[in-house]
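Encoded as structure tokens, the structure appears first; notes follow it.
The values are calculated or read from the model by the stated rules, or taken from the named source; none is laboratory data. Because the structure is predicted, anything quoted here is derived from the model rather than measured. Cβ placement follows ideal geometry from the backbone for every residue including glycine, while neighbour counts extend to all protein chains displayed. Ligands, DNA and RNA are stripped out before the accessible areas are found, and what is left, the full protein with its side chains, is counted by its heavy atoms. Shrake-Rupley method; radii C 1.70, N 1.55, O 1.52, S 1.80 Å.
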Amino acid sequence: MGKSKVLVVGGTGYIGKRMVRASLAQGHITYVLQRPDIGLAMDKVEMLLSLKKEGARLIEGSFSDYGSLVEAVKQADVVISAMSGDHIHSHSHNLLLQLKLVEAIKEAGNVKRFLPSEFGMDPLRMGNAIEPGRVIFDDKMTVRKAIEEAKIAFTYISANCFAGYFARNLSQIGTLFPPKQKVFIYGDGNTKVIFVDEDDVATYTIKAIDDPRTLNKTVYLRPPENIFSDRQLVEMWEKLSGKKLEKIHISGEDLLASMKDMDEIGQVIVGHCYHIFYEGCLTNFEIDEGQEEASKLYPEVNYTRIDDYFKQFL
């Protein structure tokens, strides 16, 4: 059986470009949706051209031109959405635009697997998430409901914490580099958290698209050597860097209280951190029947260990 043809929607984005490259690396004919409304966003235009140079095929389609979206979808066996669900860079996100994509997939009738934009915490388990950040989980569940009502074959990817946002900064809010003098520890620092390199997220995702074991299931990314507590992460960095940091423990109550002086983006980040580092939402459950874990499915993937990931910052 030949490899599926893949269409990536949102292919110029932070995780989308990695999906395109992983798809190409694993030998798939790979299309990237080229949206006319990209306008004068030079970084996106340059990324499209770069991906094309690497072997991706650009295909025009617009969410404001439904027919073009259907025609684009007809070119692929698998559709991966990497549309932004990112509150960090923007007050808005595009997750509900995927409802049009669901309709286009349903009408086209040829797609054998759809992977909507998730790649973080499992929204099914976030029904009690704190406002204003809970909207991202509610919207993801709205998209899931539409997929399942349309009887579209799916795979949901729960990738936990991107290393770029949560590991290299020792999970500190407001920076993307390791702290030099002091570090905030959430609570007692013992809650287990899962960190995954973004390129590995893409590799595991593409591995899953043609796998019958992942059909209509949630796949959790839990690389076993990348599961640490906040305290263990800091200690690993201290050992590698040879520098001790002043550790300041912050209670859950104090973290939540800090939200009142923040803008919406800050409140979203703090709320997510509370769920991850105090409630343990990534690791406080077992993977059930009907769900899968990526590193067990694909033991051949030599995923990036966080101690190796850290070395680029030494």
Requested in this report: State the number of residues belonging to the stretch 219-241 that are over 20 Å from the mean Cα position of the chain (by Cα) and open to solvent by 70 Å² or more (accessible area, probe 1.4 Å).
Outcome: 3
Query raised in the report: Which residue pairs have Cβ atoms under 9 Å apart, sit 6 or more places apart or on different chains, and have a first residue in the stretch 192-218 that is closer than 16 Å to L24 by Cβ and open to solvent by 20 Å² or more (accessible area, probe 1.4 Å) and a second that is of a type in the set (S, T, Y) and part of a helix (DSSP H, G or I)?
Result: K207/T214
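Go through the stretch 110-151 and report how many residues are outside any helix (DSSP H, G or I), within 16 Å of the chain's Cα centre (by Cα) and either at positive phi or among the acidic types (D, E) (or both). Quick ask: steps written out before the conclusion?
Kept after step one, since they are outside any helix (DSSP H, G or I), are these residues of the stretch 110-151: 110-122, 126-133, 150-151.
Subset that is within 16 Å of the chain's Cα centre (by Cα): 114-122, 126, 133.
Checking the rest, the ones that are also either at positive phi or among the acidic types (D, E) (or both) come to 118-119, 122.
Number of matching residues: 3.
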